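Report on the structure given below.
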Amino acid sequence: MEEYVLETRGLNHHFGSQPILREVSLQVPAGSIYGFLGPNGAGKTTTLRLVLGLLRKQQGEVFFFGKTLRSHRIEILRKTGSLIEQPSLYGHLNGKENLQIYSKVYQCEPGRTAEVLELVGLKDAAEKKASRYSLGMKQRLAIAISLLSRPDLLILDEPTNGLDPGGIVEMRELLHHLNKEHGLTVLVSSHLLGEVEKLATHVGIIHQGRLLFQGSLPALQSLKANTSSGWMLETNDAQEAGALLQPHFNIQVLTPTTLTLQVAGQQEAAAANRLLVQKGLDVYQLYVQQNNLETLFMEMTNTPS
Amino acid sequence: MNTFFISLQTEFMKIRRSAAFWLVITGGAFLPLLQMIMYLSKPSVFMKRLGHDPWMGHLLMGFQGGAFFVWPMFIILVTSLVTQIEYRNNTWKQVMASPLQIGDVYFSKFIVIQCMIITGYVLFDIWILLAGLGTQVFQPGYNFIHSPLHLHSFLMMDIKSYIAILGMSTIQYCLSLRFKNFIGAIGTGLALIIAGLFMLPWDKVVYFPYAYSALTFMRSNISSDFAVLKHEYWSLGYFACFLILGFVDFAYRKERG
């Protein structure tokens with residue numbers, strides 16, 4: 001049986017009468033990089049805040065290393081590093097002083113502050129005020145804080161938000177390094193599918209508070225292979241295009257302007273195109289879907305709940 | 001090490017070079033320096049006013065001058081600025097996701113605030129002394145150098161003033177933990193101070209903690225009678241009640257950080 005570093009069971013949460021999470025049961029295997037994927041507002045941050053005890057739990061259970069946060073809070077938080085939303089740093093203190101505060105909290109050995117500064121590449125900026133750091137440097141310092149205690153689990157909420165492409169690559173390399181060299185389990189949320197594909201070993205897809213998929217990255221890719229091999233069509237009115245194509249082809253409307261189309265080959269695709277043009281619809285693009293998860297993600301997250 | 005002492009140490013580390021830190025360092029000098037400028041600019045008036053016991057007159061002018069507005073405002077600013085360190089830097093969530101007990105965080109932050117207020121008193125006392133001596137240096141006609149210092153009165157006024165503001169500073173601490181917005185906490189505190197000043201002629205003012213500093217120093221025999229007054233007992237009561245209520249509110253809120 002697979003061992004989970006973090007597991008939630010039947011997590012439900014609502015703000016007022018509005019349901020935010022519905023029966024979310026995450027299973028983060030030991031040693032994995034778990035990409036928690038979903039569009040903005042899907043419930044990712046709420047899930048992570050609940051998991052860390054930053055929001056009071058309403059229904060469901062959270063287990064870290066098989067233990068509940070309620071009864072083993074200090075022990076669990078000692079082994080868990082986190083970065084939720086924007087970096088949490090004291091702007092009036094320098095990078096080193098920020099680390100020293102949490103070094104004290106986690107009772108780290110002397111020298112650990114210098115080690116993590118080196119690890120995240122901020123050794124030369126250690127004496128600079130945190131308020132003068134760039135966003136990328138702030139993210140790295142926040143990750144350095146979360147690594148101080150040599151945690152078993154790192155929880156990162158959208159760590160690449162606001163980073164430039166170079167920063168995103170650096171962050172990805174750092175997480176790969178921590179996972180491979182230090183055996184750290186990483187739970188990282190993102191709304192960028194491409195980013196999760198490049199980073200994660202396991203994926204959970206959440207949409208409108210429901211976990212739509214959970215499993216390894218290869219399992220998600222094989223699901224894609226089984227469920228979609230079609231063409232992507234972009235038009236001015238996907239609903240009307242869908243109604244015209246429905247009698248002849250297997251289609252699925254994704255957005256007001258896009259739909260997927262199952263056709264046998266190029267000639268059938270051309271016939272579909274002709275049909276739409278003859279009926280006065282504009283066809284902007286018609287192409288074979290790329291071999292990535294984008295379509296599957298779109299299909300999943302556009303399914304009416 | 002006990003997590004409470006760890007939390008206390010980290011709270012002291014956080015205030016380094018913060019706005020609250022600089023306010024405490026510089027705030028105590030405000031009134032004494034103002035007094036010194038007054039003494040030097042109108043020596044004939046103030047030599048008479050300070051009388052034959054200039055240290056006591058100087059001390060009373062400092063305490064009474066600050067008790068109505070400046071000192072309560074200082075307390076509100078220090079309390080709010082310390083708690084705002086977490087809100088402004090968006091660090092509550094990191095604090096709450098770290099391996100510290102909720103009570104450690106709440107009480108250590110309160111202790112740091114009280115230490116800063118007490119430091120404010122010590123610095124105010126030092127500046128009062130320096131202002132007296134400085135006046136003597138630049139205007140030898142004053143009689144500070146040959147008069148008794150009244151260290152006991154000094155200390156007793158500090159203690160009475162501290163007791164009077166303890167209830168108010170505890171309430172302000174609870175408010176500052178509630179308000180994410182700095183202006184909200186400061187604005188509420190300021191409104192309550194003004195309300196307290198407005199209520200001074202009313203006998204029920206003894207139940208309104210934001211007026212206690214003024215109540216302590218508006219008596220004529222403050223320099224000789226140091227008995228604990230009714231409103232000062234109330235201040236201690238407010239301190240105990242709001243420290244516990246604030247903790248319950250802090251520990252059981254739905255959202256932390």
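The values are calculated or read from the model by the stated rules, or taken from the named source; none is laboratory data. Because the structure is predicted, anything quoted here is derived from the model rather than measured. Methodologically, a virtual Cβ is constructed for each residue, glycine included, from the backbone with ideal geometry; neighbour enumeration extends over all protein chains shown.
Below is a table of values for the structure above.
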| read-out | value |
| --- | --- |
| Helices (runs of 4 or more DSSP H) contained entirely in the range B:31-143, each with at least 2 residues that are more than 30 Å from B:M13 (Cβ to Cβ) and either at pLDDT 95 or above or over 18 Å from the mean Cα position of the chain (by Cα) (or both) | B:43-50, B:54-67, B:102-138 |
| Residue in the range A:75-90 that is within 14 Å of chain B (Cβ to nearest Cβ), in a loop (DSSP other than H, G, I, E, B), in contact with a Leu (Cβ under 7 Å, 6 or more places away or on another chain) and hydrophobic (A, V, I, L, M, F, W, C) present | yes |
| Residues of the range A:164-196 satisfying the condition of being buried (at least 20 other Cβ atoms within 10 Å of the Cβ) and assigned to a loop (DSSP other than H, G, I, E, B) | A:L184 |
| Residue check for B:L129: surrounded by 15 or more Cβ atoms within 10 Å (Cβ to Cβ), within 14 Å of chain A (Cβ to nearest Cβ) and over 30 Å from B:F208 (Cα atoms) | no |
| Boolean, A:T260 is of a type outside the set (F, W, Y) and in a strand (DSSP E or B) | yes |
| Some residue of the range B:17-27 being under 21 Å from A:Q107 (Cβ atoms), surrounded by 16 or more Cβ atoms within 10 Å (Cβ to Cβ), within 14 Å of chain A (Cβ to nearest Cβ) and aromatic (F, W, Y) | no |
| Within the range A:65-74, tally of residues that are more than 8 Å from chain B (Cβ to nearest Cβ) and among the β-branched types (V, I, T) | 1 |
| Unique residue being away from chain A (no Cβ under 14 Å), at pLDDT below 90 and in contact with a helix residue (DSSP H, G or I) (Cβ under 8 Å, 6 or more places away or on another chain) when the list is B:V205, B:V228 | B:V228 |
| Exclusive hit being away from every other protein chain (no Cβ under 14 Å) and crowded, with 16+ Cβ neighbours inside 10 Å, set B:H58, B:H152 | B:H58 |
| Residues of the range A:91-104 satisfying the condition of being small (G, A, S) and more than 7 Å from chain B (Cβ to nearest Cβ) | A:G95, A:S103 |
| Test: A:V28 is within 29 Å of A:M137 (Cβ to Cβ) and either at the interface with chain B (Cβ under 8 Å from one of its Cβ atoms) or part of a helix (DSSP H, G or I) (or both) | no |
| Selection within the range B:228-252 - loosely packed, with under 13 Cβ neighbours inside 10 Å and charged (D, E, K, R) | B:K230 |
| Residue match in the range A:109-123 (condition: away from chain B (no Cβ under 12 Å) and in contact with a strand residue (DSSP E or B) (Cβ under 9 Å, 6 or more places away or on another chain)) | no |
| From B:F107, B:F124, residue being more than 14 Å from every other protein chain (Cβ to nearest Cβ), over 30 Å from A:L54 (Cα atoms) and touching a residue at least 24 places away in the same chain (Cβ under 8 Å) | B:F124 |
| Of the criteria (1) over 30 Å from B:S98 (Cα atoms); (2) more than 17 Å from the chain's Cα centre (by Cα); (3) buried (at least 17 other Cβ atoms within 10 Å of the Cβ), which one B:R256 fails | (1) |
